[in-house]
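The values are calculated or read from the model by the stated rules, or taken from the named source; none is laboratory data. Keep in mind that what you see is a predicted model, and the values were worked out from it rather than measured. When we count neighbours, we look across all protein chains shown, and the Cβ atoms used for this are built from the backbone with ideal geometry, even at glycine.
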Amino acid sequence: MATPAPQKKIPMRQCMGCSEHKPKRELIRVVLSPDGEISLDPVGKKPGRGAYICKDKKCLQKARKSRRIDRSLDREIPDEIYDRLEAELAENE
C-alpha cells in the first residue's frame with residue numbers, strides 16, 4: 001500500500017485590521033527593514049519585521065485608525081505608506 005503524500009503546511013498570519021488568521025499569500029506585508037526603512041513587501045521575502053493586512057479597504061482603515069501596524073512594528077508609520085497601501089488595494093479591485 002502506498003501512503004499518501006503529506007499535506008504541505010500553509011503559513012498563516014493575522015491581519016492587523018480584522019484580526020483573522022489567513023494564509024500568508026492572501027495578505028499584504030508591511031516590513032520594517034533592519035536599517036529602519038518601512039516599505040511594502042508584495043513578495044514577502046524582504047528581511048525585517050513584518051505586519052500583515054488583508055487586501056480589503058475596510059481592514060486597512062480599521063488598522064490605520066487603531067494604529068495596530070504602528071504598534072506591531074514598534075514604529076510610527078508615515079501616512080504615505082498608508083496612502084500607498086490604499087492605492088494598491090484600489091488597483092486590485
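Observations, loosely collected:
- Those residues of the stretch 1-56 which are among the β-branched types (Val, Ile, Thr) and either surrounded by 11 or more Cβ atoms within 10 Å (Cβ to Cβ) or in contact with a Cys (Cβ under 7 Å, 6 or more places away or on another chain) (or both), in sequence order: ILE28, VAL30, VAL31, ILE38, ILE53
- Flag if GLU86 is loosely packed, with under 11 Cβ neighbours inside 10 Å, of a type in the set (Asp, Glu) and at pLDDT below 90: no
- Flag if LEU60 is surrounded by fewer than 18 Cβ atoms within 10 Å (Cβ to Cβ), in contact with a helix residue (DSSP H, G or I) (Cβ under 7 Å, 6 or more places away or on another chain) and among the aliphatic types (A, V, I, L, M): no
- Residues satisfying the stated conditions in the stretch 59-81, i.e. within 12 Å of the chain's Cα centre (by Cα) and either within 14 Å of SER19 (Cβ to Cβ) or hydroxyl-bearing (Ser, Thr, Tyr) (or both): CYS59, LEU60, ALA63, ARG68, ILE69, SER72
- Of all the numbered requirements in (1) more than 11 Å from the chain's Cα centre (by Cα); (2) more than 18 Å from LEU89 (Cα to Cα), ARG49 misses one, and that requirement is (1).
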